[in-house]
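Enquirer: If you scroll down you'll find the structure; I have some questions about it.
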Amino acid sequence: MILDVEKPLLELEEKILELIKVNESGKIDLSKEIKALEKKARELKKDIYSNLTPWDRVLMARHPQRLTTGDYLEAVFDDFFELHGDRYYSDDAALVGGLASIGDQTFMVMGHQKGKDTKENLKRNFGMVAPDGFRKAGRLMKLAEKFGYPVVTFIDTPGAYPGIEAEERGQFEAISKNIALMAGLDVPIITVIIGEGGSGGALAIAAGDRILMLENSIYSVISPEGCASIIWRDASKASDAANALGLTGEFLLKNGLIDEIIPEPLGGVHKDREKSYFAVKEAILRNLEMLQKFTLEELKNYRYDKYRKMGSFTEK
Amino acid sequence: MILDVEKPLLELEEKILELIKVNESGKIDLSKEIKALEKKARELKKDIYSNLTPWDRVLMARHPQRLTTGDYLEAVFDDFFELHGDRYYSDDAALVGGLASIGDQTFMVMGHQKGKDTKENLKRNFGMVAPDGFRKAGRLMKLAEKFGYPVVTFIDTPGAYPGIEAEERGQFEAISKNIALMAGLDVPIITVIIGEGGSGGALAIAAGDRILMLENSIYSVISPEGCASIIWRDASKASDAANALGLTGEFLLKNGLIDEIIPEPLGGVHKDREKSYFAVKEAILRNLEMLQKFTLEELKNYRYDKYRKMGSFTEK
Amino acid sequence: MNAFFDKFKTNKPAAEAEGEGKVQAPKVPSDLWVKCSGCDTPIYRKVFEEKLKVCDKCGFHHKLSSYERISLLTEPGSFEELFTEILPADPLNFGEEYMTKLAADQKKTNLNDAVLTGKAKVGEHNVALGFMDFFFRGGSMGSVVGEKITRILEYGADNRLPVIIATCSGGARMQEGVFSLMQLVKTNAAINRLGEAGVPYIVIMTDPTTAGVAASFAAIGDVILAEPGAIIGFSGRRVIEQTIRQKLPPDFQSAEFYQKHGFIDKVVHRRMMKKTLVRILNFFNPKAKKTEDVVAEPEKQTVEV
Amino acid sequence: MNAFFDKFKTNKPAAEAEGEGKVQAPKVPSDLWVKCSGCDTPIYRKVFEEKLKVCDKCGFHHKLSSYERISLLTEPGSFEELFTEILPADPLNFGEEYMTKLAADQKKTNLNDAVLTGKAKVGEHNVALGFMDFFFRGGSMGSVVGEKITRILEYGADNRLPVIIATCSGGARMQEGVFSLMQLVKTNAAINRLGEAGVPYIVIMTDPTTAGVAASFAAIGDVILAEPGAIIGFSGRRVIEQTIRQKLPPDFQSAEFYQKHGFIDKVVHRRMMKKTLVRILNFFNPKAKKTEDVVAEPEKQTVEV
Ligand SMILES: [Zn+2]
Ligand SMILES: [Zn+2]
């Protein structure tokens, strides 16, 4: 998938490759010209990726090559052992989690899991979680609390699964109970929004003490398409809706709704995986260090106050 | 339903009624003879019901007119407000519960609920509870703990429901988790075995601090029929199994497995409902008074020690 | 206007009630008949209101305004509004059109936003209250609703007053983006604190209670009641039908459906709601209960058959 | 006897192992072939034992004795038995026949009753252990099993040792009546205390783990593993089939079935079980882990696809 804004860059990069070929044939020396074009390309790249529109971000966040929760669990942590099941009804593959470690620090980690291909997406339900998935997350959080392990959650979902069975089994209750659980949990919680932060289905595991957002991820109360359908009765106006919804890290950070933006390699996390993993790991450890300085009471108060002051209203 | 042992008594009572009719016709004065026979009947009654075999008790415990959980909830408590649902999957009608009060004391009450007729039994599944029912009980216990209300549980089930869906939804886990919950609950728990105490399905809400047993109720690790099938490969030898299983209040009290037998009116609780309700109410309040003298720590230790010493083995 | 409507006026200080219109009753249209939204039966308006806007024929519970719910559930004259001065903003700059809609709904409902909060008596019990109003932007939860719900929960915790919230909402307010979403956390965190203070929290779900409100403070009451037929759930019927490409059964996501599925303690007819609240409050505060509540209780029930 | 079987002998002090036979290995029959219980394939006994009694063809995990499980899961020579002196009684007076059966099983298994308890090393980790044995009265739980499981849980709490229990049981022991039933409470109460001490509790469900044992200490591990194909559940297959009057699918109540239904963290091949335990123990006690556990971890996994 190529964003519209990426096209000039990709064309230029193609041209450079052609020139390099010509150059290598040895007939003409184009090395100076190539260098100049490469510099141009770097500038263009920076220019493009520094000026992505909210809708570009939406597309980046949904990019089929974008790194998923599983990628981070594997690469950021020294070991990860998946734990299955909600202990009530099922094991929802759209939400994965388990024990993990970095050095001597044990974590409980979990996240929405999108598939890498169609087959996996069918199994993972495109990262749309059923109540069982949220209840599995809740179970893992309670286990973390029992042993004092910090929780790290990775957010990447279009939204909670809107299916018959999901509603029957109390999607609304599962989300609410998780939010309350996180609000009261006795261990630090770090949330990393790595792709799509889709409304309540995201929030059900995103109510952390520290909310970090990858530069090209989004967080929104409603999908841009859904918003456009409601406001303009036209889902194709999603890009306008993306502008309106304030779903970028930049907007959210400015408004105190998230705590930090983790920069991505130019072109997105998948363009330099190792660099991305390192940035996420560094951010997790740094934020954990900050939270671990708190006493339990301070942590609970910090968390309460953090959310307590979120909101925008006037008071006479 | 009439027990075999009851037959002579019922015949005699019939005869007396006939004599009374003759007497009332005024032709002969039989009042003296009637009085003598009535005395005889009283003695016979006492004799019969004081010498019930374990199998007689099983039949009494399963008597179609035996008072059910709902009867006690209505009659023993000043008010009862049923709370529905496990907050996960369903509302199991085989286990009922809710808020109740006697005077200014609020309780959380619950119990297995058999039906009064075939139609109700289909709805109640003959008092055989699914995981959802046990999870509802667990939810109510946690609610009781939150507000410091003592829990009263009424036991009356042939056993946990042995169905496909019940197994799929983790019958074993639901029972175990409830037992652990009760073992750790921060409020007093009084259990009253009112009818059939059928194995794990009973225990899932029967792990109280004080276990009271109505005189003609039973409590068993396996149904007499099941036991007979296994030992003698002959379910019809259930009455022999009943003898072997130690399922009567008398045996269990003697062996420290229950705390108290609540006497029943001659012929069973249904023969004098008011008296039965009064006896159950008195026993609940008296045992609660005892438990409420404990500090929380004492209560928890009392409960742990109570079960800790249950068991029969030799130690070299 | 019949007695039922008159009542809530007496709940407001006379000066205000006669004042600038902000706190006055919604205008009652002059038509003598209304049509039941459940079964299309025409109902004589006077009867409709005497019946608490419940259709006798099909049982449909029509929506009530926040003020009507005060009349329905609290003792006459006991309601005292709290947190009146909080007004909605436009943090995402949705602009003129949105602000105009807010202003229109403020006028229509006499509310600043989609919830009315305060304290009152229910039976002998002093309680803290939050009544949502669908007629204000579909009861959508933005920052004002989140803030007022949170404040009334904190008020309940601080003053040890049971909190009763009647929910009625299509979900989070889209126009406030993630500000809206975060209200879910804020309110639920406040519910935790209420619980830690040992104060009961009772929810009454009314039609509709969906999406963000269902998925936050509606779902986790110590006791959860619902009005008959109220639509409850996370995802909307249309979205689900699009997902599964088939029609849903009519009772899907109804209060009765969710009682059956284990998420609601009891579906209660509007007529019985106040009595039911008093019974429940009696359990949580037996000292305040009146003897006749129990002795003369006509609705005393055993387990439902 | 091949290496696998030899090993557990070294786990016992030499004097005992050579002694009165009580703690010796179960006799290995002289036949050279065994038939797989899963697929009827004949397997050369030496291979069968080298493969840890798992059929290569169908994957069937045949039952292991408690002693075999020591060899499988603990470091050679590290196992030390605890609570050896507890013997079963006959509280319901089932009499001669029952006592004879107990004696026969004691002889057959070299166990006093259906569980062996002790401490050992698993990797670098000191742990407390309970391994049940189906060959003793079908692994049924009477007072001795309940008492020993409780003691090893208390021992783990007192000494801050993770507790690992491999379950294998048809349920409560009928011949001890309600005494058996109460073991469910006793063990679960001890699990609570272990948890309050912050000590992890790991369960390995092996075939079968049903009824009373499933419904008590098997079900509530902090981490629950299971061997492939192990039958797990509360009610027996026959009882369910009688109830529903139809045949159950073959995978019903299998470990895989219960992982799918959310009750098991991971189904682990016997060959990988010890490695898996070490990995899990590393999380709970990182100080004890060896660097190579992580660095050279061949089984490091991402989420299962
Ligand atoms: Zn109607
Ligand atoms: Zn095989």
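Enquirer: How many residues, within region A:40-59, are among the charged types (D, E, K, R) and farther than 14 Å from A:GLU14 by Cα?
Expert: If we filter region A:40-59 for residues that are among the charged types (D, E, K, R), which is where we start, we get A:40, A:42-43, A:45-47, A:56-57.
Those still in the list that are farther than 14 Å from A:GLU14 by Cα too: A:43, A:46-47, A:56-57.
The total comes to 5.
Enquirer: Looking at region B:297-314, can you tell me whether even one residue there is of a type in the set (Val, Ile, Thr) and assigned by TED's automatic domain parsing to the domain that holds B:THR191?
Expert: No: zero hits.
Here's the yes/no breakdown for (1) closer than 27 Å to A:SER220 by Cα; (2) at pLDDT below 90:
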residue	(1), (2)
A:VAL5	yes, yes
A:GLU13	no, no
A:MET60	yes, no
A:ASP79	no, no
A:LEU95	yes, no
A:ILE102	no, no
A:GLN105	no, no
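Enquirer: Do you know which of the residues in region D:207-237 that are crowded, with 24+ Cβ neighbours inside 10 Å and among the β-branched types (Val, Ile, Thr) is nearest to D:MET141 (Cα to Cα)?
Expert: Of everything passing the filter in region D:207-237, D:VAL213 is nearest to D:MET141 (Cα to Cα).
Enquirer: Taking only region C:87-113 into account, find how many residues are within 14 Å of chain A (Cβ to nearest Cβ) and closer than 29 Å to C:MET273 by Cα. Reasoning before the result, please.
Expert: Step one: of region C:87-113, the residues within 14 Å of chain A (Cβ to nearest Cβ) are C:87-99, C:101-103, C:106, C:111-113.
The next check asks that each one be closer than 29 Å to C:MET273 by Cα; those that pass are C:106, C:111-113.
Of the residues in that region, 4 qualify.
Enquirer: Which residues, taken from region B:204-249, are within 12 Å of another protein chain (Cβ to nearest Cβ) and hydroxyl-bearing (Ser, Thr, Tyr)?
Expert: Scanning region B:204-249 gives B:TYR219, B:SER220, B:SER223, B:SER229, B:THR248.
Enquirer: Only one of D:GLY171, D:GLY146 is crowded, with 24+ Cβ neighbours inside 10 Å, over 10 Å from B:VAL221 (Cβ atoms) and modelled with pLDDT of 95 or more. Can you tell me which?
Expert: Values: D:GLY171 fails: over 10 Å from B:VAL221 (Cβ atoms).
Going through D:GLY171, D:GLY146 in turn, the sole match is D:GLY146.
Enquirer: Can I ask one more? Return the residues of region A:150-198 that are of a type in the set (Asp, Glu) and either surrounded by 24 or more Cβ atoms within 10 Å (Cβ to Cβ) or at pLDDT below 95 (or both); say none if nothing qualifies.
Expert: Of region A:150-198, the ones of a type in the set (Asp, Glu) are A:156, A:165, A:167-168, A:173, A:186, A:196.
Of everything in region A:150-198, those that are of a type in the set (Asp, Glu) and either surrounded by 24 or more Cβ atoms within 10 Å (Cβ to Cβ) or at pLDDT below 95 (or both) turn out to be A:ASP156, A:GLU167, A:GLU173, A:GLU196.
Enquirer: So which residues in region D:205-236 are in contact with a Cys (Cβ under 9 Å, 6 or more places away or on another chain), in a strand (DSSP E or B) and away from chain B (no Cβ under 11 Å)?
Expert: D:THR206, D:ASP207, D:PRO208
Enquirer: Write out, first by first residue and then by second, each pair whose Cβ atoms fall under 6 Å of each other, whose residues are 6+ apart or on separate chains, and whose first residue, in region C:48-72, is within 10 Å of C:ARG270 (Cβ to Cβ) and more than 14 Å from chain A (Cβ to nearest Cβ) while the second is of a type in the set (Lys, Arg) and away from ligand 2 (no atom under 16 Å from the Cβ).
Expert: From residues that are within 10 Å of C:ARG270 (Cβ to Cβ) and more than 14 Å from chain A (Cβ to nearest Cβ), the pairs are C:LEU52/C:ARG270; C:VAL54/C:ARG270; C:HIS61/C:ARG270; C:HIS62/C:LYS53.
Enquirer: Taking region D:75-103 as the search range and keeping residues that are in a loop (DSSP other than H, G, I, E, B) and charged (D, E, K, R), which one is surrounded by the fewest Cβ atoms within 10 Å (Cβ to Cβ)? If you could, list the steps in order and put the result at the bottom.
Expert: Of region D:75-103, the ones in a loop (DSSP other than H, G, I, E, B) are D:75-79, D:82-85, D:89-95.
Adding the requirement that they be charged (D, E, K, R) leaves D:75, D:85, D:90.
Working: D:GLU75: 15, D:GLU85: 9, D:ASP90: 15.
Checking each candidate, the answer is D:GLU85.
Enquirer: Tally the residues that are farther than 22 Å from A:ALA279 by Cα and in contact (Cβ under 8 Å) with a residue 60 or more places away in the chain, restricting the search to region A:84-123.
Expert: 3
Enquirer: For region C:46-89, name all the residues that are touching a Phe, Trp or Tyr at 6+ places or on another chain (Cβ under 6 Å) and within 16 Å of ligand 1 (Cβ to nearest atom).
Expert: Those that are touching a Phe, Trp or Tyr at 6+ places or on another chain (Cβ under 6 Å) and within 16 Å of ligand 1 (Cβ to nearest atom): C:GLU49, C:LYS63.
Enquirer: Checking A:GLU264 against (1) in a loop (DSSP other than H, G, I, E, B); (2) surrounded by fewer than 19 Cβ atoms within 10 Å (Cβ to Cβ); (3) more than 14 Å from chain C (Cβ to nearest Cβ), which single condition isn't satisfied?
Expert: Here A:GLU264 meets the rest and fails (2).
Enquirer: In addition: Could you please give the count of residues in region A:180-203 that are at the interface with chain C (Cβ under 7 Å from one of its Cβ atoms) and more than 18 Å from the chain's Cα centre (by Cα)? Steps first, answer last, please.
Expert: From region A:180-203, those at the interface with chain C (Cβ under 7 Å from one of its Cβ atoms) are A:180, A:183-184, A:199-200, A:203; that's our starting set.
Filter once more, so that each one left must be more than 18 Å from the chain's Cα centre (by Cα): A:180, A:183-184.
Summing the residues that are at the interface with chain C (Cβ under 7 Å from one of its Cβ atoms) and more than 18 Å from the chain's Cα centre (by Cα) in region A:180-203 gives 3.
Enquirer: Looking only at residues that are in contact with a strand residue (DSSP E or B) (Cβ under 6 Å, 6 or more places away or on another chain) and at the interface with chain D (Cβ under 10 Å from one of its Cβ atoms) in region A:111-132, which one is surrounded by the fewest Cβ atoms within 10 Å (Cβ to Cβ)?
Expert: A:GLY111
Enquirer: Tell me which residues, restricted to region D:97-129, are among the hydroxyl-bearing types (Ser, Thr, Tyr) and out of contact with any Pro (no Cβ under 9 Å at 6 or more places or on another chain).
Expert: As a first pass, look at region D:97-129 and keep what is among the hydroxyl-bearing types (Ser, Thr, Tyr): D:98, D:100, D:109, D:117.
Of everything in region D:97-129, those that are among the hydroxyl-bearing types (Ser, Thr, Tyr) and out of contact with any Pro (no Cβ under 9 Å at 6 or more places or on another chain) turn out to be D:TYR98, D:THR100, D:THR117.
Enquirer: Only residues that are surrounded by fewer than 22 Cβ atoms within 10 Å (Cβ to Cβ), closer than 25 Å to B:ILE222 by Cβ and among the charged types (D, E, K, R): list them for region D:104-141, please.
Expert: D:ASP105, D:LYS108
The values are calculated or read from the model by the stated rules, or taken from the named source; none is laboratory data. What you are looking at is a predicted structure, and each value in this text was computed from that prediction instead of being measured. Cβ coordinates were reconstructed from backbone atoms using ideal geometry, including for glycine residues, and neighbour counts include every protein chain displayed.
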